[in-house]
1. Filter segment 75-92 down to the residues that are charged (D, E, K, R) and open to solvent by 40 Å² or more (accessible area, probe 1.4 Å), then identify the one that is nearest to A218 (Cα to Cα).
2. Would you please list the contacts, defined by Cβ atoms under 9 Å and residues six or more apart or on different chains, that run from a residue in segment 1-14 that is at pLDDT below 95 to a residue that is of a type in the set (A, V, I, L, M, F, W, C) and open to solvent by 100 Å² or more (accessible area, probe 1.4 Å)?
3. Please find, within segment 212-221, the residue that is nearest to H91 (Cα to Cα) out of those that are open to solvent by 30 Å² or more (accessible area, probe 1.4 Å) and of a type outside the set (V, I, T).
4. Taking only segment 39-70 into account, find how many residues are in a helix (DSSP H, G or I) and either open to solvent by 40 Å² or more (accessible area, probe 1.4 Å) or touching a Cys at 6+ places or on another chain (Cβ under 7 Å) (or both).
5. C6 is checked against (1) part of a helix (DSSP H, G or I); (2) surrounded by fewer than 18 Cβ atoms within 10 Å (Cβ to Cβ) and fails just one. What number does that condition carry?
6. Residues of segment 163-211 being open to solvent by less than 60 Å² (accessible area, probe 1.4 Å), of a type in the set (A, V, I, L, M, F, W, C) and not in a loop (DSSP other than H, G, I, E, B), which ones?
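The values are calculated or read from the model by the stated rules, or taken from the named source; none is laboratory data. All figures in this text were calculated on a predicted structure; none of them were measured in a lab. FYI the Cβ positions are ideal-geometry reconstructions off the backbone, even for glycines, and counts take in every protein chain you see. The area values use the complete protein model at the heavy-atom level, side chains included, leaving out ligands, DNA and RNA. Shrake-Rupley method; radii C 1.70, N 1.55, O 1.52, S 1.80 Å.
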Amino acid sequence: MDDLECGHALIRNVLSGHQLKTLQTDLATVSLTNGRGGVRNADKRFPSVDSLAKSEEILKLVDTYLIKPVRLVRAIFFDKKIDNNWSLAWHQDKTVAVSSRFERHGWGPWSIKEGVHHVQPPLKVLKEMVTLRVHLDDTGVDNGCLKVLPYSQREGILGTEAIKRYVARGGVVHCEAKAGDILIMRPHILHSSDKVLTSGRRRIIHLEYSSFKLPCGASWV
């Protein structure tokens, strides 16, 4: 198992031309209004996303970074373009979606989003997760590629001021990618993205996997 030491890795040419075409066709009818950049539970809404998430090549890649057994815990389709544009400030992904609320030390705060319980788990849970960002388009600085700060996941969960101090140190990496490439990262690495500046699109399938077994009979949703 690779510990993903710097917090991220870009894997080239994971998807075949046929896989790309299938995904692009299946997602072609998705229409997102300005301010709504993503479609949650994409694996349950689009057969091609479900097939991708369960495919041998994806699970083999995930197994490189997590101890088995692993399971998909979140799937989102993002479509950033000029008429549906946004930027993201430096942040960490530090909440998970679960089937029910429970009381356990280190879990919280809790919230409900779209009828689903979300919670910030202890750091050890995030360390047993990886995020795969599957690129359906060539993605560069001009159309909102992800920016990361390598090794920042080593700092644990950071508050607002700590994030500002870390960002001020510099060392930003722009994760430019080609269609079919996959960026894999720890969810709590510091990352951000800018708005699209060209007429092109930046479509991403965001897949999160975990090997952590939830307590108190709760399940991942």
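1. Per the stated criteria, the residue is K81.
2. Sorted first by the residue in segment 1-14, then by its partner, the pairs are M1/I67.
3. Looking at residues that are open to solvent by 30 Å² or more (accessible area, probe 1.4 Å) and of a type outside the set (V, I, T), I get F212.
4. Going residue by residue through segment 39-70, those that are in a helix (DSSP H, G or I) are 42-45, 47-53, 56-63.
Add one more test, that the residue is either open to solvent by 40 Å² or more (accessible area, probe 1.4 Å) or touching a Cys at 6+ places or on another chain (Cβ under 7 Å) (or both), and what stays is 44-45, 47, 50-51, 56-57, 59-60, 63.
Residues flagged as in a helix (DSSP H, G or I) and either open to solvent by 40 Å² or more (accessible area, probe 1.4 Å) or touching a Cys at 6+ places or on another chain (Cβ under 7 Å) (or both) within segment 39-70 amount to 10.
5. So the condition that C6 fails would be (1).
6. Within segment 163-211, I163, V167, V173, A177, I182, L183, I184, M185, V196, I204, I205, L207 meet the criteria.
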